[in-house]
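Below is one structure, written out as C-alpha cells; comments come after it.
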Amino acid sequence: MKIKEEKKKSKSVQNSKSEEVEEEQPSITEQNKLKLKQKQKQLPSHSDSDSDPDYGSPYVSDSEDFSEDGDFDGSLSDSEAGESGSSGDEGVVNSDIDDGLHNDQENQSKSSESHQGVEESDSSEDEVAPRNTVGDVPLVWYKDEEHIGYDLNGKKIKKRTRKDKVYDEYNDEEVEVTKKELKLINRLLKGKAPHSDFDPYAPYVDWFKWDDAKHPLSNAPEPKRRFIPSKWESKKVVKLVRAIRMGLIKRDKPKEEQQFYHLWGDDSSSTEKANHLSFIPAPKSKLPGHEESYNPSLEYIPTQEEINSYQLMFEEDRPKFIPRRYTSLRSIPAYDNAVKDVFERCLDLYLCPRVRKKRINIDPESLKPKLPSRRDLKPYPVTCYLEYKGHTDAVVSISIEASGQWLASGSLDGTVRIWEVETGRCLRVWEFEEAVKFVAWNPLREIPIVAVSVGQEVFILNTGLGDEEEQKNIKELLHFETPVAPDDSGDKVSVASWHRDDKHEGIRIRHFKTVSSVEWHRKGDYFSTVMPADILFLLSKKHTQRIPFKLRGLPVSSVFHPTKKIFFISTKKNIRAYDLQKQKLIKKLETGLREVSSISVHPGGDNIIVGSREGKLCWFDMDLSSKPYRILKCHPKDITNVAFHRSYPLFASCSDDCTAYVFHGMVYSDLNQNPLIVPLEILRGHTSSNGRGVMDCKFHPRQPWLFTAGADSVIKLYCH
C-alpha cells in the first residue's frame, strides 16, 4: 500500500509546476538534504544498470530505506522528476517494482488461463518434412548471401530472421531471447565470464608491497630448484616423443574442407544426410553410348530393311531408340529445347514426391511352414509288402474285415473274392453276371457278412467265417420266406424289393436304378445305398426307407458319422450333414470343386476329407467353417477314393495317376489348435490300364498298413 501511495504522489508532483511543489512539500532539514545527496552519489548511472543486471538488488534496498522515512517522500519525487532521464534514481526503482508486481499478477493470471486453454499437440518436428530449397549443395556457399535457394519462378528466397526463444517453466510461456542475452549465454557455455569487459588476465596486484615498505616478508634465499630444469619433466617429454615416433600417440589431423563438389556423382552413399527424414537419391540415367551419338559409326546405323522389320515386332520387343546420323550437334531436332527440357527434368526430380518403400528380404525357405520330421511321424506305410493276384480285370473296390484278418475285393470281371491278409491266400470266390461296383464288409466282428453292389442289385452274402454259433445267428439274420415289398407304398415307382438268393445263400435287394456304393452303419444293422436317390435299409427287420430329405443334385457318395446320428451325403458340388433322428439339415459344406468323387470322415467326427475329379483334396473342419480348411493339389488326375485310419493319425488318397499319397493328419483336442497336415509318402507300383490307375484304397483297422486296388487287377499291401 505504501508503494502505491508513493507512485500516485510522484505522478502528481511531475504534472504540477515546481513552484507549487515547493509550497506543498513540508520543510526538510539540512541534514536530511545532505544524506539524500550522498545516497544519490553512491547510486550507479542508468547505463551501468542496463549493462549489468546484478545492480538491481541495491536499487530495491535503497528505495525501501527511503520509503520508510515519511519526511523523504517529496524530495524523492523531486529527484525523480529532475534526473529520470540521465540516471537511475530511487523513483525509477519504485516504478519498476510497481510494474514488476503488476506484471507478475498478469503473468500469473495468464499462466492460469493458458493452463486451462492450451491443448497438447501430437505433432513433432521430426515428422515434418524439411523445406530444402538448395538440394545437396553445401550451405557454405550461402554463408555470406542474403538468400538461400530459389523458388519455382526462379526468384531468390531470403533468409528468415532467426528468433531464439526459451521456455519459462515457472510462468508457462516462451520468452524471446535478445542478441545481448544470447551472447551472455554463449559465453557462459564456453566457460568464460558473462561480460566481455571482464579481463581474466588482469595484472597481479601484490598486496604485500607498498611504497613505505622497508623489510620483506621473508629473508629466506630463493631455492636452487627454481633455477634448474626439472628432470622429471624432461623424462616425461622423452617418453611422449618416443610414443609419437612409434605411432602409439596419433595426433588428430585438421578436417579439410571440400573445395570442389561432384555435381553428377553418385550421392547414394552420402553421410551428410542427418537433417533429412529419409534421403532418397534421384535416379540417374545411363550414360549414352555410341548409338546415342549424333554422329555414330556406320555399323550402328540400321538399314531400311531393319527399320521395316521393327514395325512388324511387338511394341514391347521393338527398340526404343533408332540411331541416326547428323552433321552437327545443332542440327539435332531436340537441340532447340534442350536447355528447357533439362531444366524441366531437374525441376521434376526436385519436386517429385519420392517415397522409400521398405523391401523385406525374406528367405523363401523361411516362408515354408515348419513341419515336423518324417522320422518323428512314423509308423506309416512305405514299401509294398504283399500282392494279391487272382482277378482278371480291374479291381474297383476292396474292404477289410473288422479284425483285419480278411479282405474282400470286387472286380469288373464279375467276381468277389475273400483273401487272407497275412498269407495272400484266396479263401472264397463268388461269380456274378455283371461287373461288381462296390463291396463293403460289416463293421461287427461277430457278423462276418459282405454287401456287394452289382448293377441294380445289392447282395448280402455270408462269408462262412466264424464259429458255429456266429454262423447260426447269420443264417437266422439272412433267412426269410416271402419277398418284402417296399415300405413307401405311396410312391408310384418301387424303390427296392427284398428277395431270397438261393444261388449265393444270401439276400438280394432289387433297386430301380444302378447302385454305385454301399455304406454300413457302425452298429452293423443299417446300411445305405447310393444311386440317383439315397436309400436306408434295416437288415434285421428287412425294412427299406428312402431319405426324407430333398437333395439339391444327384448324390455321389454317402457315409455315416462314426459316433453320432448324423448322415453325410455328397453331391457333385456340396456336402450336406443331416440329423437322422430330428430329420433336419445340420450343416452344408461348400467345396468349391468341379466334381466331388469321394468323402471320408475322421474317427473323431469333426473333420472330413473330400476328393475331387480334378485332383484336389479338401480338408474340412466342421467346427471352424463351411469352407475348406486346407486344399491340397497333389494328384494330376482324378482322385478315386480317400480314407482315414481308425486309430493312427493317417489318411490317404489314390488317383488314376497310379499313385497313392499318405498324409499325417493330427487332430488335437484343443479347439484353439488347428489340425496338423504333413505329406509323408507317395506309393507307386501299379500300372495304368485303359487310362485308369489306382481304383480304391483302404487302411488296415489295427496296423498302419494301406491296401490299394489297381486297374491292373492287382491288390497291393504297403507296410511300414
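The values are calculated or read from the model by the stated rules, or taken from the named source; none is laboratory data. No experiment lies behind these values; they were computed from the predicted model shown. A quick note on method: Cβ atoms are made from the backbone with ideal geometry, for glycine too, and the neighbour counts reach across all protein chains shown.
Every residue, every condition in (1) on the phi < 0 side of the Ramachandran plot; (2) in a strand (DSSP E or B); (3) at pLDDT below 85; (4) not charged (D, E, K, R), yes or no:
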position: H504; (1), (2), (3), (4): yes, no, yes, yes
position: I509; (1), (2), (3), (4): yes, yes, no, yes
position: V515; (1), (2), (3), (4): yes, no, no, yes
position: E519; (1), (2), (3), (4): yes, yes, no, no
position: G524; (1), (2), (3), (4): no, no, yes, yes
position: T529; (1), (2), (3), (4): yes, yes, no, yes
position: L536; (1), (2), (3), (4): yes, yes, yes, yes
position: T544; (1), (2), (3), (4): yes, yes, yes, yes
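For residues that are among the charged types (D, E, K, R) and more than 55 Å from the chain's Cα centre (by Cα), tally how many sit in the range 380-414.
Residues of the range 380-414 that are among the charged types (D, E, K, R), as a first pass: 387, 389, 393, 401, 413.
Narrowing the set further to residues that are more than 55 Å from the chain's Cα centre (by Cα) leaves 389, 393, 413.
Looking only at that region, the number is 3.
Given the criteria in contact (Cβ under 8 Å) with a residue 24 or more places away in the chain and within 37 Å of the chain's Cα centre (by Cα), does L585 qualify?
no
Could you look through the range 367-423, keep only residues that are in contact with a Lys or Arg (Cβ under 6 Å, 6 or more places away or on another chain) and in a strand (DSSP E or B), and pick out the one that is surrounded by the fewest Cβ atoms within 10 Å (Cβ to Cβ)?
E387
Between a first residue in the range 351-377 that is closer than 30 Å to G149 by Cβ and at pLDDT below 75 and a second residue that is not hydroxyl-bearing (S, T, Y) and not in a helix (DSSP H, G or I), which pairs have beta carbons less than 6 Å apart while being 6 or more apart in sequence or on different chains?
R354/I280; R356/I280
Per-residue answers, yes or no, for (1) modelled with pLDDT under 85; (2) in a loop (DSSP other than H, G, I, E, B); (3) surrounded by 10 or more Cβ atoms within 10 Å (Cβ to Cβ):
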residue	(1), (2), (3)
D252	yes, yes, no
E272	yes, yes, yes
L277	yes, yes, yes
P296	no, yes, yes
E305	no, no, no
E316	yes, yes, no
R325	no, yes, yes
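Please list, ordered by first then second residue, the pairs with beta carbon atoms under 9 Å, 6 or more apart or interchain, first in the range 419-437 and within 17 Å of Y385 (Cα to Cα), second polar (S, T, N, Q).
These pairs meet every condition: W419/S409; E420/Q405; V421/Q405; E422/Q405.
Which one is surrounded by the fewest Cβ atoms within 10 Å (Cβ to Cβ), of the residues in the range 424-450 that are among the hydrophobic types (A, V, I, L, M, F, W, C) and closer than 23 Å to N690 by Cα?
A435
Are there any strands (runs of 3 or more DSSP E) wholly within the range 147-232 with 2 or more residues that are under 30 Å from G135 (Cβ atoms), and if so which?
In the range 147-232, 147-150, 156-158 are the strands (runs of 3 or more DSSP E) which contain 2 or more residues that are under 30 Å from G135 (Cβ atoms).
In the range 362-388, what count of residues is obtained for those that are of a type in the set (S, T, Y) and more than 21 Å from H664 (Cβ to Cβ)? Break it down into steps so the answer makes sense when it comes.
We begin by selecting, within the range 362-388, every residue of a type in the set (S, T, Y); these are 366, 373, 380, 383, 385, 388.
From the residues that got through so far, the ones that are more than 21 Å from H664 (Cβ to Cβ) too are 366, 388.
Matching residues across the range 362-388 total 2.
Within the range 147-183, can you find the residues that are under 26 Å from Y350 (Cα atoms) and surrounded by 12 or more Cβ atoms within 10 Å (Cβ to Cβ)?
Correct list: H147, I148, G149, Y150, K156, I157, K159.
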